[in-house]
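Worksheet for the structure shown next.
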Amino acid sequence: MAAVTWKALQVSAVALHETGKTRQARTVAEAALAAAASEDERAESRLTLAWVHHQLGNSDSSAHFIEQVHDARAGCLNGLLLCHDGKHAAALPVLEAASVDPSLDLRWRANALVGVGISAAYLGHFSRADQALDDAYELYTGLGELERAATCRHNQGFVAAEAGDLPRALALYDSADIDPTSRPEVLVDRAKALMGSGLLQEAGVALSRAGRLLGAAGRGPAYNEAMLAYSSCCLRAGKAEAALTAAQSVDSHEGRALAAHARIALGEQVDVNGVAMNCDPIVAARLRLAADQASLVAAQRSSTVPALRALGWLAQARLARTNAAALVACRNGLRADPRSVELAAAGRAAATHPRTVFTWVERERATLDGLGQVPTPAEMVNALGSTTLLSFYNHNGCTSAVSVIDGRFRLHDLGQVDPTAVRASMTLLATTGHGEDAANRALDELDQQIFSKIDIPRQPLLILTRELHWIPWGAFPTLRGLPVVTAPSALHWLRAEGDVPPGHLWVAGPRLEHAEFEVVELHQEHGGTLLVGADATVDAVLTAMADVGTVHIAAHCAHRPGAPLFSSLELADGPLYGHHIARIPRLPARVVLSACESALDLPRVFLDHGARSVVASTLPVVDARAAALVRSLHRELAEGSETGVALARHPGLGFVAIGR
């Protein structure tokens, strides 16, 4: 009878812990230990209590329980606790050994594999991490422990996020579908992916909720992690007071460092040295850079740790007395950390020669977009041919540009370029038909500011900053009638070449009066696959897109500024997000988005993942005029016209060619 009682209590303790009721789990696990009738049962209960106490922040009592167990399970749990505490280099060999230890049962070996996956991910061994979690998933599934198997899928999402593959991370988080009320830590992982996608507000909401749930469960270490992430999120969002409050709730060196960052942002005096001397070296270096103590960081440029070495070179760039010396420091720093936006921005600010400026502007775009390559000036000149390049960038609060005309690079200071008047007047004209004079005046004024000193003799290629993607470029007097093409970066344009394969897909989303009529008419003329009404689902569209050269989607578009993976097109069963598009192995070469203001975010996702050309609108789409435009567009494309040439005949409707 005692053995049955122990088993019931032990199962209940584990279930309580796994549903987030950690304090109750401790009470029941203590009862299970008291009811244990054998040494093996006592060992299992002690290990459960060790894990629960560790989750509650009681590391000494956790260690005490482990010391009383004298078999391989104790070693495995020690490895898992090292992993949980962030000591991944020490944890990995212990867990690797446990994962193949024949004396451990399959459940413990699966537990070890989960730890291997997490520690390997933190150490940058992403393939090993993914494989370990896949193996753990198979073991848990075979044992019938489907919730733990789902956790493996979620952890694979974490691995993907650490590797920089946010679309795969989000897809895995969705497929795991773990209830955050029982496992609030999944909110922290998802929030970090949201932060990586630029959705700071949404990440902050998720982290705040995670903190409340973890605090209520008494899970001190996990609560601290959530609050530190929330503080970091608030700092990035410019909410220094909220960041300070969150950081002060965590009594740790990292918490004190984040609090110091927040105080610096608030203009307060901070004892930086007192905080930094107890921090992780990378955290300390960032803190000193924030406090303008670059001279104390520059020595780290000889560090063996790449991230720390990069910060050392960033400090050296800030200390440089000449632009040439700053550029040398930035180049050296980017060898250590090729994804450093700060080093790329510092290099761009130090560059003065037109060709050098072009290179550093593109390098800054590459780091922001996660693109590995940076085209050289010579590559661009060879590829441009008769095309005129105008690459815009922001510098010291103003807009500047590099032009490339007949192989010659020039710099242009344009002042503060504000497209607000153009957008407002063109939107009014597009939606009501009124305000043509005001729209023309706004276009003339901005045209004069941008193009008065730049000769645009041939077909223009415009590389745009984010705020300039809103502009209907074909409507400017200087560009009217020219085959204007835009792109998010020079590399996007260079990669967007090749033929458009045959095959068309026509899609109409719901709640858009003209959409179905538009795509049915186009389907009748050009053939292909038609998805309208209830057939136009997310899965159906994703599947069909993989088999065609051209897709035309008429649907409502929802924007998430700065977060293209979360911008979407409305389909019959819900939104088609950018991160859905990014997961398709093969995208159509040509994409036409007959959707209001669709030019801002989504085209970048299509171009990043293989599309050659995207046609999208910078303005609200007016049904009748848009229908005429897309009919004309597809006829000319079918006859072999380039996208920019086909759109040049419709300059006032706000559609732009992005890519090629």
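The values are calculated or read from the model by the stated rules, or taken from the named source; none is laboratory data. Note that the structure is predicted; figures quoted are calculated from it, not measured. Because the Cβ atoms are built from the backbone with ideal geometry, glycine has one as well, and the counts that use them run over all protein chains shown. Ligands, DNA and RNA are excluded from the accessible area calculation, which covers all protein heavy atoms including side chains. Shrake-Rupley method; radii C 1.70, N 1.55, O 1.52, S 1.80 Å.
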Say we look at segment 168-186 and pick out the residues that are in a helix (DSSP H, G or I) and over 16 Å from the mean Cα position of the chain (by Cα); which of these is surrounded by the fewest Cβ atoms within 10 Å (Cβ to Cβ)?
S175
Checking R256, R263, R286, R301 in turn, the sole residue that is within 15 Å of N332 (Cβ to Cβ), open to solvent by 70 Å² or more (accessible area, probe 1.4 Å), of a type outside the set (F, W, Y) and assigned to a helix (DSSP H, G or I) turns out to be R301
Answer from R236, R318 - the residue that is open to solvent by 20 Å² or more (accessible area, probe 1.4 Å), basic (K, R) and modelled with pLDDT under 95:
R236
I'd like to verify a number: residues in segment 584-607 that are part of a strand (DSSP E or B) and out of contact with any Lys or Arg (no Cβ under 7 Å at 6 or more places or on another chain), how many?
4
Is there any pair with a first residue in segment 473-490 that is of a type in the set (G, A, S) and a second that is open to solvent by 30 Å² or more (accessible area, probe 1.4 Å) whose Cβ atoms are under 6 Å apart and which are 6 or more apart or on different chains, and what are they?
G474/P651; A475/P651; A475/G652
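State all residues of segment 421-449 that are more than 23 Å from L389 (Cα to Cα), acidic (D, E) and either part of a loop (DSSP other than H, G, I, E, B) or modelled with pLDDT of 90 or more (or both); if no residue qualifies, say none.
Once the filter is applied, which keeps residues that are more than 23 Å from L389 (Cα to Cα), acidic (D, E) and either part of a loop (DSSP other than H, G, I, E, B) or modelled with pLDDT of 90 or more (or both), segment 421-449 yields only D437.
Residues in segment 16-33: is at least one more than 36 Å from the chain's Cα centre (by Cα), among the polar types (S, T, N, Q) and within 18 Å of A222 (Cβ to Cβ)?
Taking every residue of segment 16-33 in turn, at least one turns out to be more than 36 Å from the chain's Cα centre (by Cα), among the polar types (S, T, N, Q) and within 18 Å of A222 (Cβ to Cβ).
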Assuming V374 fulfils every condition listed in (1) in contact (Cβ under 8 Å) with a residue 60 or more places away in the chain; (2) assigned to a helix (DSSP H, G or I); (3) surrounded by 19 or more Cβ atoms within 10 Å (Cβ to Cβ) apart from one, which condition is it?
(2)
Counted residues in segment 126-167 being free of Cβ contacts under 8 Å to residues at least 40 places away in the same chain, acidic (D, E), open to solvent by 50 Å² or more (accessible area, probe 1.4 Å) and under 14 Å from N111 (Cα atoms) come to 3
Counting only residues that are modelled with pLDDT of 90 or more and either touching an Asp or Glu at 6+ places or on another chain (Cβ under 6 Å) or among the charged types (D, E, K, R) (or both), which one in segment 577-603 is nearest to W493 (Cα to Cα)?
R590
Residue hits (segment 450-476; among the small types (G, A, S) and in a loop (DSSP other than H, G, I, E, B)) are S452
Sole residue being within 27 Å of the chain's Cα centre (by Cα) and under 27 Å from R408 (Cβ atoms), chosen from R348, R335, R339, R309:
R348
Subset of segment 364-380 (residues that are under 18 Å from the mean Cα position of the chain (by Cα) and either of a type outside the set (G, A, S) or closer than 16 Å to V402 by Cβ (or both))
E364, R365, A366, T367, L368, D369, L371
Among the candidates E525, E597, which residue alone is touching a Cys at 6+ places or on another chain (Cβ under 9 Å) and in contact (Cβ under 8 Å) with a residue 24 or more places away in the chain?
E597
